[in-house]
Amino acid sequence: MRAWFMRPISPLRLATGFVWIACLASISASLANAANPKPHDKWAVGASAVEFLQDQCIDCHDGSTGEGGFDIHSVSTDLSNAANLNQWVSIHDRVQKGEMPPPEEIELDPQMARDFTEPLRHQLRTFQLDQQRRIGRVRGRRLSNEQLSRTLQDLLRVELPLEDLMPPEQRVGGYVHLASAQSMSHFQLSTHLKVVDAALDAAFAKVLEPTSDWEIDMAPEKIANKPKGRRNRDPEMRKGLAVVWSSGMIFYGRISSTRVPEDGWYEITLTASGLKMPEDHGVWCSVRSGECNSGAPLLSWVGSFEAEAEPKTMTYQAWLPKGHMLEVRPADRTLKQGRFQGGQVGFGEGEDQDLPGVAMHSLKMKRIYPGGDRKESRDRLLGRLPLRYNRELNRSEVNVDKFNEKRDRNELRAAIVRFADLAFRRPTDASTIESILQLAEEERQSGATFIDALRAGYRAVLCSPRFLYLTEFADESGKLDDWAIASRLSYFLTGSMPDAALRKAADQGVLRDAEELQRQTDRLLQTRRGQHFLVDFSNQWLDLLDIDFTEPDRRLFRDFDPTVQAAMLDETHHFLQRLLNEDRPIRELVGADYTFLNTRLARYYGLTESDADIADLDDQTKLVRVDPESPRGGLLSHGSILKVTAAGNDTSPVLRGIWVSERILGIEIPSPPENVPAVEPDIRGAKTIRELLAKHQADASCAACHQNIDPPGFALENFDAGGRWRERYMQKRGNAYKPGPAVDPSFEMPEGSTFDSFVTFRNLIAKKDERLAANVASHFVTYATGQTIQFADRDRIEKIVSNSRDNQFGFRSLLDEVIRSDLFLSK
């Protein structure tokens, strides 16, 4: 079988795909037009609002040189223009919050402010609600790379990482699937065809071509590949076990005998123990995969474990491309590391250096099919069509000898209609896909085999806009039909198409029933994909997708290694999962007196038994109670968050302050005015970050934003870029880092309360449970619908929050209220 990504695309296959390009381009154009509707004469801001601006704001904002780059004369009253609408929303919010006019310059009468904001609020809200009724709150939205990949995997029962074939997506506010940010170019359409072909090739090969159930069971002698006299990077035999010593050498610990023969998912079972361990802990090891040569230096993460005196058995599942092998090695940078000459390791060369090591007792690997076995794939592609084995072609084919001409045509049409029902995520009448059916029949009549004609039909289905875009039908009031609800719920919680149980509920028309919607939510969260809901959601909401974006300087972060980073992600994922599973109060998001650790992360954080209950920790991530006065506990102290909000080796109160404001507190921070320079860190230490930011705080046009940015930004300054606690900044002097000025985390909150430590700040914002709840609800809605919260949505967010009040704004309660809300159930 040829590799799925190497298969050529024939002119015929290209033609059947590009039939749909014009249609897709047309849809993209119509969606762009819908996003910018034509002006409506009645939607103009009233004269009284304009008079207010001229009376109260003209002194500071008169002309192009106005403060903050804002010119009163440039404000248009036409709300049908999206930019004008956003400008009026910003004006409303700044006046309502008392940020403008600057209170230190103008003392605005509160009643005068209300006389301006209340009519403006009504008009802005009324305009947007009318716009939502006419064209929908969520404009046409296509599947993201991840959603497309998962949908093809579940539809065809294949297990390919198809998103690797797609170009990177634009992220707006962290999210990759916002309708307003999506585009569709000819390059993307061409890529879509390649992805569809790769998926179809793999699916038909799985069903029709012979497969081997590859499996190996290796004793130490087979794992090791370093007899005396040979120098390489494989394990060596020591006292009957396959051993790898601690070293920084790349690919040391590769196991050549694990090279896999085909792309696929593999289950890996490893039994190992530690050698020459430190007195107070075991030997933390990583399991990775790759080609393990200089021409392919990248390695993929599989897992980690702590090797101890007694052997233990670990099981992992991982996707391994053809030709990849495993690498198992000590991966704790705090351990003594060996030095070897010539880029290779000889037998016994690590022994004399008295190094910690990992000893492998056994290793098993076998090919698995998590997306479905061969029979499930056959049922999905071919149903009950009869097959026969063709010895000449060494593959199966449809036994058309049992067909007459009429049955041949009917079987072909029935299979494509059945496939289209699944792909389009709703029942499809034949007239809707008549052109696809005709194309497949013409292929058959021109001499193509039944399989080739069927494949051409499937390919056309998968290139249809009805597959690529989430088609959400609604009634005149904007309420989604059951099939649209099924798709929205499934893509929200699983990132993929509705499964059989959800399709059945949609077919019965029961998804608007609150109890059924709750039942389906509970069920989906327990499925294989649903169990990763919070991983998928937090990747975008919390920017965890960016955790590999920077690599800390080893001279400054000597203890940081891949096992630490993996443990950081586990800490956040387990923490969020507990909030969801137990419907924990939203205040625990930032104010929890617990976290989730393993021994490696606890040691990296520098925690002792006086700080946290870590006595029973091992290499499994577990709930750990921490002292209420400890800085650990709550999302803002997680290493994963602190790393993605840092700027490489440095921290920035501005970056972290904006992140906390927008991702945790729900306070949107606008882009700075063009005439305000960026704050660059002073690496010489001549000025503190407070001094560098002072001019921003003194400038009225900057102060309104910095009053929200600076408190969380400075509160988190005791955490360095790697997530460790620090009392002093580190300054680079030559090639070394030396302790610098003391960290001062104190600041004043916008409402006037003060704090002198991170713990005090954390306790202050933990009390803002309604704000925390509104923010989480807003991010749930954004992630679920592909549309950010608009001005007219604010009342509905407040209702979601209010409905969860009796449950202390529980994390799961907020999720359920979002799913029951009009925001979720309407177009």
Candidate set: the range 374-394, residues that are surrounded by 17 or more Cβ atoms within 10 Å (Cβ to Cβ) and out of contact with any Gly (no Cβ under 9 Å at 6 or more places or on another chain); chosen: the one farthest from residue 207 (Cα to Cα): 385
Qualifying residue in the range 358-367 (condition: under 25 Å from residue 264 (Cα atoms), surrounded by fewer than 17 Cβ atoms within 10 Å (Cβ to Cβ) and at pLDDT 90 or above): yes
The range 566-589, residues that are surrounded by fewer than 23 Cβ atoms within 10 Å (Cβ to Cβ) and more than 21 Å from the chain's Cα centre (by Cα): 582, 583, 584, 585, 587
Matching helices (runs of 4 or more DSSP H) fully within the range 453-557 where at least 3 residues are among the small types (Gly, Ala, Ser): 482-493, 500-508
Residues of the range 410-437 that turn out to be in contact with a helix residue (DSSP H, G or I) (Cβ under 7 Å, 6 or more places away or on another chain) and part of a helix (DSSP H, G or I), as a count: 13
Filter pass, residue 689 being modelled with pLDDT under 95 and of a type outside the set (Gly, Ala, Ser): yes
Matching residues in the range 754-787 - criterion: being under 22 Å from residue 627 (Cα atoms) and of a type in the set (A, V, I, L, M, F, W, C): 755, 758, 759, 761, 764, 765, 766
Single condition residue 440 does not satisfy, out of (1) within 22 Å of residue 199 (Cβ to Cβ); (2) part of a loop (DSSP other than H, G, I, E, B): (2)
Residues (surrounded by fewer than 20 Cβ atoms within 10 Å (Cβ to Cβ), within 18 Å of residue 579 (Cβ to Cβ) and without any contact (Cβ under 8 Å) to a residue 60 or more places away in the chain) located in the range 748-797: 770
Residue that is surrounded by the most Cβ atoms within 10 Å (Cβ to Cβ), among those in the range 590-628 that are among the polar types (S, T, N, Q) and more than 26 Å from the chain's Cα centre (by Cα): 599
Residue within the range 729-750 that is at pLDDT 95 or above, of a type in the set (A, V, I, L, M, F, W, C) and not in a loop (DSSP other than H, G, I, E, B) present: no
Test set (1) in a loop (DSSP other than H, G, I, E, B); (2) of a type outside the set (A, V, I, L, M); (3) modelled with pLDDT of 95 or more - residue 760 fails condition number: (1)
Residues of the range 475-514 that turn out to be polar (S, T, N, Q) and within 21 Å of residue 158 (Cα to Cα), as a count: 4
Check on residue 21, closer than 30 Å to residue 135 by Cα, among the aliphatic types (A, V, I, L, M), in contact with a helix residue (DSSP H, G or I) (Cβ under 6 Å, 6 or more places away or on another chain) and modelled with pLDDT under 70: yes
Entirely in the range 200-265, the strands (runs of 3 or more DSSP E) that have 3 or more residues that are surrounded by fewer than 22 Cβ atoms within 10 Å (Cβ to Cβ): 215-218
Flag if residue 563 is in contact (Cβ under 8 Å) with a residue 60 or more places away in the chain, in contact with an Asp or Glu (Cβ under 9 Å, 6 or more places away or on another chain), surrounded by 21 or more Cβ atoms within 10 Å (Cβ to Cβ) and of a type in the set (Val, Ile, Thr): yes
Some residue of the range 103-124 being touching a strand residue (DSSP E or B) at 6+ places or on another chain (Cβ under 7 Å) and either closer than 28 Å to residue 455 by Cα or outside any helix (DSSP H, G or I) (or both): no
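The values are calculated or read from the model by the stated rules, or taken from the named source; none is laboratory data. Computed from a predicted model, the values in this text were never measured in an experiment. As a convention, Cβ positions derive from the backbone with ideal geometry for all residues, glycine included, and neighbour counts pool all protein chains shown.
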